[in-house]
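The structure under discussion appears below in the form of structure tokens.
The values are calculated or read from the model by the stated rules, or taken from the named source; none is laboratory data. All values derive from a computational prediction rather than experimental measurement. In this analysis, Cβ positions are derived from the backbone assuming ideal geometry, glycine residues included, and neighbour counts consider all displayed protein chains. Side chains are part of the model used for accessible areas, which takes the heavy atoms of the whole protein and leaves out ligands, DNA and RNA. Shrake-Rupley method; radii C 1.70, N 1.55, O 1.52, S 1.80 Å.
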Amino acid sequence: MAERPIVIFGDPVLREVSQPVEEFNQEVKDLVSDLTDTLKKARGLGLSAVQIGVLKRVFIVDLSAVDITAKPQVFINPEIIESDGETEYEEGCLSFPGIYQKITRASKIRVRALDLTGQPFELEVEGLAARAIQHEYDHLEGKLFIDYLSPLAKTMLKGRLKKLSVAS
Ligand code: NI
């Protein structure tokens, strides 16, 4: 399919809640294909449908940039059913080019989702994969990684965020 433009912070669509996928048709396959191409081009670790302007509960995670054995994985209508522990790590987002912040998240999660054919699967993950899945899941709820920042960190970032939102 095709690479699509990535929505940048400031675009109100990033605050919308995405809707569940109900039919596993060509449209969903095309969406996943576009997400895969766009993520590869951007060299990111994950991308959700809302970031290319599609309000569907779909995201992909591809850790191959940091783990050559990793394959892109599609999550449709995902649910995080367990989370455990806490870990802090520097995080970025393709909708916030150039901005990286230390964010605390659960260190281990169990996620349930559907694959491209509509088959359910469950995974227990930790480390970077757990972080990427939690980050992408938040996008489906209209939540962004800057929402986790302390008031002080947010204040310090204000000018850079404003620049992004004006340019978008
Ligand atoms: Ni993101």
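Values for this structure:
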item: Residue that is most open to solvent (accessible area, probe 1.4 Å) [pool: residues in the range 128-168 that are of a type in the set (S, T, N, Q) and closer than 27 Å to Gly85 by Cα]; result: Ser150
item: Any hit, the range 71-93, residues being among the aliphatic types (A, V, I, L, M) and over 26 Å from Phe24 (Cα atoms); result: no
item: All positions within the range 28-44 that are modelled with pLDDT of 95 or more and basic (Lys, Arg); result: Lys29
item: In the range 1-24, the residues that are outside any loop (DSSP other than H, G, I, E, B) and among the polar types (S, T, N, Q); result: Gln19
item: Of all residues making up the range 86-110, the number that are in contact with a Lys or Arg (Cβ under 9 Å, 6 or more places away or on another chain), in a loop (DSSP other than H, G, I, E, B), without any contact (Cβ under 8 Å) to a residue 40 or more places away in the chain and open to solvent by 30 Å² or more (accessible area, probe 1.4 Å); result: 2
item: Some residue of the range 140-150 being of a type in the set (Phe, Trp, Tyr) and under 16 Å from the mean Cα position of the chain (by Cα); result: yes
item: Positions within the range 31-52 being part of a loop (DSSP other than H, G, I, E, B) and buried (at least 20 other Cβ atoms within 10 Å of the Cβ), in sequence order; result: Gly44, Leu45
item: Check on Leu55, open to solvent by 40 Å² or more (accessible area, probe 1.4 Å), in contact with a helix residue (DSSP H, G or I) (Cβ under 6 Å, 6 or more places away or on another chain) and in contact (Cβ under 8 Å) with a residue 40 or more places away in the chain; result: no
item: Number of positions in the range 61-85 that are touching a residue at least 40 places away in the same chain (Cβ under 8 Å) and touching a Pro at 6+ places or on another chain (Cβ under 8 Å); result: 2
item: Residue match in the range 64-84 (condition: within 14 Å of the ligand (Cβ to nearest atom), within 24 Å of Pro5 (Cα to Cα) and charged (D, E, K, R)); result: no
